[in-house]
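Notes follow the structure.
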Amino acid sequence: MMSNDMEQDGRHEDASRNAEQAPETGLDGSAPDAQPSADAVAGVIAERDELKDRVLRTLAEMENLRRRTEREVADARTYAVTNFARDMLNVADNVRRAIESVPAEARAGAEGALKGLLDGIDLTERDLAKTLERHGVKIVDPQGQRFDPNRHQAMFEVPNAEVPSGTVVQVVQAGYVIGERVLRPALVGVAKGGPKPAPATDAG
């Protein structure tokens, strides 16, 4: 019995010595104090950079989408009445024709009901213009301005040596714009035969 006890004690001492001499290992089998390899660090950094780049791209796309949506909403608000406004221009033209159909002498000497009618037509034209402007529709009266093919439509040329060529000297029909877009170009007569117009300069 003593021999067996001595053998067991010896085995316990050997196991204790082996445990003291064996290095501790982590869960992955590596020593706890071992530093990660350069490849592992580089991989983590690359993954971090990729995720950061992906987040920045997503944020940029979201910002672009927000701006585009705001622009589309603003355009829809501004130009929603385009078709209606274009139809109302016929009404404005008819009111203007009614006013111009009365000679200046007759207007000056008008009394009673005729004067009231003429004043009412004038008031109607002013109210119509204000209503259109309230919805972003503005009249274009380019008299004396340089001809702009984007906003004006030339109907004829007028020989005139006193003003630069290309100057609008007669407005046959007023034009209209809505926001930054031309709703209807102004119909104009353009001067020719005068000095060349000065080159356009940058306002800025």
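Bear in mind that the values in this text are calculations on the coordinates, not laboratory data. Note that the structure is predicted; figures quoted are calculated from it, not measured. Cβ: placed from backbone, ideal geometry, glycine included. Neighbour counts: every protein chain shown.
Data overview
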{"read-out": "Residue satisfying all of: in segment 173-195; basic (Lys, Arg) and farther than 15 Å from residue 160 by Cα; farthest from the chain's Cα centre (by Cα) among these", "value": "184"}
{"read-out": "Out of 135, 152, sole residue that is surrounded by 10 or more Cβ atoms within 10 Å (Cβ to Cβ), more than 30 Å from residue 197 (Cβ to Cβ) and touching a residue at least 12 places away in the same chain (Cβ under 8 Å)", "value": "135"}
